[in-house]
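Visitor: I have a structure here, written as structure tokens, and I will follow up with some questions on it.
The values are calculated or read from the model by the stated rules, or taken from the named source; none is laboratory data. Everything numeric here is computed off the predicted structure, so don't read it as measured data. Methodologically, a virtual Cβ is constructed for each residue, glycine included, from the backbone with ideal geometry; neighbour enumeration extends over all protein chains shown.
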Amino acid sequence: MYKKNSAKVGPYFLGKTLGVGSFGKVKLGEHELCDQKVAVKILNRKKIQLLNMDEKVKREINVLNIANHPHIIRLFEVIDTLTDIYVITEYIPGGELFDYIAGKGRLSEDESRRFFQQMIAGVDYCHKHLVVHRDLKPENLLLDTHYNIKIADFGLSNIMHDGALLMTSCGSPNYAAPEVISGNSYIGPEVDVWSCGIIMFALLCGSLPFDDEKISNLYKKIQGGVFSFPNYVTDSGKNLINQILTTDPLERITMDEIRKHPWFQIRMPRYLSFPSVKRAQLGHQIIHIDDNIVKIVSEKTKIGKQFISSSLQRGEKTSFTVIYYLIRESLAPFDLITIGTKHSEAERKLLADRIYQNNRIDWPLGYFWDLSLGIKTFSFNDLAIMAEICRSVKTLGMSWKPLSEFYLQVFFNISSTWSKKKAVYCETCFLLPTEIGVHLYKYNQSFILDFHQIDGDGLSFLIACDALTKELRFS
């Protein structure tokens with residue numbers, strides 16, 4: 001890259017345009033000290049606000065910030081200016097998996113399996129960190145110089161919360177699960193599993209199992225779940241795809257079951273053969289640091305090696321730790337693999353609060369209280385049930401905010417009328433304000449009323465749920 005006349009943002013010289021999106025351009029960048037290439041996504045603030053995409057951009061950056069996996073695109077840093085947001089990610093020169101499949105027609109079983117194993121490992125990592133992608137397709141799977149998968153474009157992703165269902169119909173129609181296009185509620189992982197099955201079929205067959213120029217016909221085919229295989233697909237491959245492309249999400253195979261399937265296990269790379277990484281407790285994560293790279297960074301920045309190592313151990317993002325990761329990615333990424341256990345700020349706060357509340361309890365990270373109430377009476381319809389819930393909440397002196405037609409966010413405060421009369425105190429406990437989600441959905445011929453803790457302490461949540469269920473006239 002000819003640096004003399006190049007535009008520059010932070011320590012990066014900007015080169016050719018790699019692509020153009022809704023908010024701005026993606027340019028090739030090069031770090032001034034270590035000469036490593038990066039992709040620089042330039043997001044224009046005015047365009048983001050005009051299209052009302054602030055949350056989409058923020059969500060994608062937050063997800064990439066906690067992702068540390070060899071098959072998920074790496075975010076190095078974000079540079080803010082008054083007019084633009086510069087998102088610095090690794091440069092993936094191999095293009096999209098879509099173009100690779102289109103160029104070769106269909107792939108061999110071994111090559112298909114290799115791509116599929118890498119994709120499943122990355123998606124499973126997301127799910128373990130409470131992230132659901134919701135737009136998996138070959139166009140969002142990039143290939144590096146060694147033809148390894150890198151999952152990208154988390155703009156439609158969302159965070160999973162215990163007890164909360166997702167409703168948004170998003171993603172590309174050809175890769176969308178039946179429950180998504182039908183407008184039904186879904187948890188999240190099961191829709192990613194379906195998309196992975198469509199991609200597996202495309203890898204092996206060079207075509208899609210469900211396709212039609214007319215969108216209404218396409219939806220009928222997806223909801224019907226009927227498709228056929230070419231005769232060259234092996235029985236084991238057919239078996240796995242059939243278990244994935246099951247229209248009933250409750251019967252659909254899970255990520256853990258996919259990992260154990262005989263077809264998936266063949267020629268499993270050593271670095272992917274370990275059990276899925278669980279989120280480690282705060283303060284217990286182990287960070288492996290390469291001393292040779294630290295030495296290179298020290299020579300380039302004139303910063304002491306011990307100081308660099310300490311900053312890496314603490315997980316700090318600084319100008320010199322970014323250089324460390326840039327160099328590390330460029331050397332031999334699959335010889336230096338560590339599948340990370342970084343935590344989002346929400347996870348860190350949750351765990352820290354729980355340790356503060358009772359340091360004798362070994363709280364599992366990501367644990368929330370969750371209760372459900374079955375309503376088997378046929379004298380209430382869905383709207384009548386929601387009206388009864390609102391009446392009960394009002395009677396108890398709680399406040400609420402409707403997030404959708406069948407989902408309420410309820411605020412239970414110690415100063416409410418009900419809690420002044422009936423709250424329980426003792427020397428060892430004090431009831432704190434809490435926030436709960438109340439979600440109504442239909443299962444077979446019954447209604448299920450789901451209560452889940454959004455914020456606050458567990459004891460207040462349980463007492464609030466007890467009061468609310470006793471007040472409800474159909475419970």
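Visitor: Condition first: closer than 20 Å to Leu312 by Cα and part of a helix (DSSP H, G or I). Can you find one or more residues in region 20-41 that meet it? Give the steps one after another, and end with the answer.
Guide: So the first thing to find is which residues in region 20-41 are closer than 20 Å to Leu312 by Cα, and the list is 31, 33-34, 36.
Those left that are additionally part of a helix (DSSP H, G or I): none.
Checking region 20-41: not a single residue is closer than 20 Å to Leu312 by Cα and part of a helix (DSSP H, G or I).
Visitor: Considering only region 43-54, state which residues are part of a helix (DSSP H, G or I) and buried (at least 17 other Cβ atoms within 10 Å of the Cβ).
Guide: Taking region 43-54 first, the residues part of a helix (DSSP H, G or I) are 45-50, 54.
Arg45, Ile48, listed by residue number.
Visitor: Are there any pairs, at least 6 apart or on different chains, whose C-beta atoms fall under 6 Å, with the first in region 112-137 and assigned by TED's automatic domain parsing to the domain that holds Ile241 and the second among the charged types (D, E, K, R) and assigned to a helix (DSSP H, G or I), and if so, which?
Guide: Val123/Asp192; Val132/Asp192; His133/Asp192; Leu136/Asp192
Visitor: What's the number of the only condition in (1) over 23 Å from Leu141 (Cβ atoms); (2) in contact with a Phe, Trp or Tyr (Cβ under 9 Å, 6 or more places away or on another chain); (3) in a loop (DSSP other than H, G, I, E, B) that Glu213 fails to meet?
Guide: Unmet condition: (2).
Residue by residue, here is whether (1) crowded, with 20+ Cβ neighbours inside 10 Å; (2) within 30 Å of Ile266 (Cα to Cα) holds:
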| position | (1), (2) |
| --- | --- |
| Lys56 | no, no |
| Leu75 | yes, no |
| Asp80 | no, no |
| Thr89 | yes, no |
| Ile101 | yes, yes |
| Glu109 | no, yes |
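Visitor: Can you give me the ranges of the helices (runs of 4 or more DSSP H) entirely in region 377-473 with at least 2 residues that are out of contact with any Cys (no Cβ under 6 Å at 6 or more places or on another chain) and at pLDDT 60 or above?
Guide: Numbers: elements: 382-395, 417-422, 458-471.
Answer list for region 377-473: 382-395, 458-471.
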